[in-house]
Amino acid sequence: MVEYALLDAGMGGLVVILGGVAIVVFVILAAIILRFSIRAIKRELKKETEAEQLDTQVAKEEDIKAEQTDEEV
Amino acid sequence: MYILLYILVFPIALLAGTILLTLMVEFPIIYCTGITRNKKYIVAVNALTNVCLNVGIIIVLLFDMSAKQLKLERDICIWTLFAELTLIPVAEAVLYFMISKKSSIKVLLVTYAANFASFIFGLFVTGLLTNRGIYGISWFFSKLFGGFIW
């Protein structure tokens, strides 16, 4: 609506400038959101991998303990 | 005041609004079907794909304006349909494969269903915002197919 009012008043240049600023604000916001989301995805994937490794390690340790107990028996 | 609204509300509403709306639809579907229980991951994946969709919309808008096209709405409809039915579900499914322990077919199907639901919801919201009410869906398809016919 603002742009039509400005065009009627013969200020087309201002419309271009405002539109440009709006696009720049959009691009900056998009870049911020993209950066944070990519970081979050990487962090969560890393956490998941670490948790899986920990699970595997715990399972191996339990196996070793069970074998030792069998040998003792 | 109106100028500030024009500069700030347009980008913030387009980005934050669409991400929130998508999360409202997709989050329960992904979470309840057990694809992943990682809330941060679901939010991050949806934010990532939504920003890509919106950047595409802005590129279409700028391209159409520079080419003095009068079929802006049709082109945005085509891009949205293409992105929502091919690019976004596939990208999201790939990201969910990395973290999910469910079968890949289930992940793909659920992601597709969630995205399709958010797409339909988005059509309703677009219809409401553009004063077309419940006719948002028919408006979308009339723009899409009408554009091809004309």
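The values are calculated or read from the model by the stated rules, or taken from the named source; none is laboratory data. Given the structure is predicted, the values throughout are model-derived calculations rather than measurements. All Cβ positions, glycine included, derive from the backbone under ideal geometry; neighbour counts span all protein chains shown.
Here is a yes/no grid of residues against (1) modelled with pLDDT under 90; (2) at negative phi; (3) hydroxyl-bearing (Ser, Thr, Tyr):
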residue	(1), (2), (3)
B:Gln69	yes, yes, no
B:Asp75	yes, yes, no
B:Trp79	yes, yes, no
B:Pro89	no, yes, no
B:Ala93	no, yes, no
B:Ser100	yes, yes, yes
B:Ser104	yes, yes, yes
B:Val107	no, yes, no
B:Val110	no, yes, no
Practice problem: Residue by residue through segment B:21-39, note down the ones that are surrounded by 14 or more Cβ atoms within 10 Å (Cβ to Cβ) and more than 13 Å from the chain's Cα centre (by Cα). | Solution: B:Phe27, B:Ile29, B:Ile30, B:Tyr31, B:Thr33, B:Ile35, B:Thr36, B:Asn38
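Per-residue answers, yes or no, for (1) exposed (fewer than 14 other Cβ atoms within 10 Å of the Cβ); (2) free of Cβ contacts under 8 Å to residues at least 12 places away in the same chain; (3) of a type in the set (Val, Ile, Thr):
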position: B:Ala67; (1), (2), (3): yes, yes, no
position: B:Lys71; (1), (2), (3): no, no, no
position: B:Ile78; (1), (2), (3): no, no, yes
position: B:Phe82; (1), (2), (3): yes, yes, no
position: B:Leu85; (1), (2), (3): no, no, no
position: B:Phe97; (1), (2), (3): no, yes, no
Self-check item: Hits in segment A:28-57 - residues which are closer than 20 Å to B:Leu8 by Cβ, facing chain B (nearest Cβ under 8 Å) and β-branched (Val, Ile, Thr)
Solution: A:Ile33
Practice problem: Examine segment B:66-80 for a residue that is aromatic (Phe, Trp, Tyr), within 25 Å of B:Phe124 (Cβ to Cβ) and within 11 Å of the chain's Cα centre (by Cα), and state whether such a residue exists. | Solution: yes
Practice problem: Would you confirm whether any residue within segment B:46-63 is surrounded by fewer than 20 Cβ atoms within 10 Å (Cβ to Cβ) and in contact with a Gly (Cβ under 8 Å, 6 or more places away or on another chain)? | Solution: no
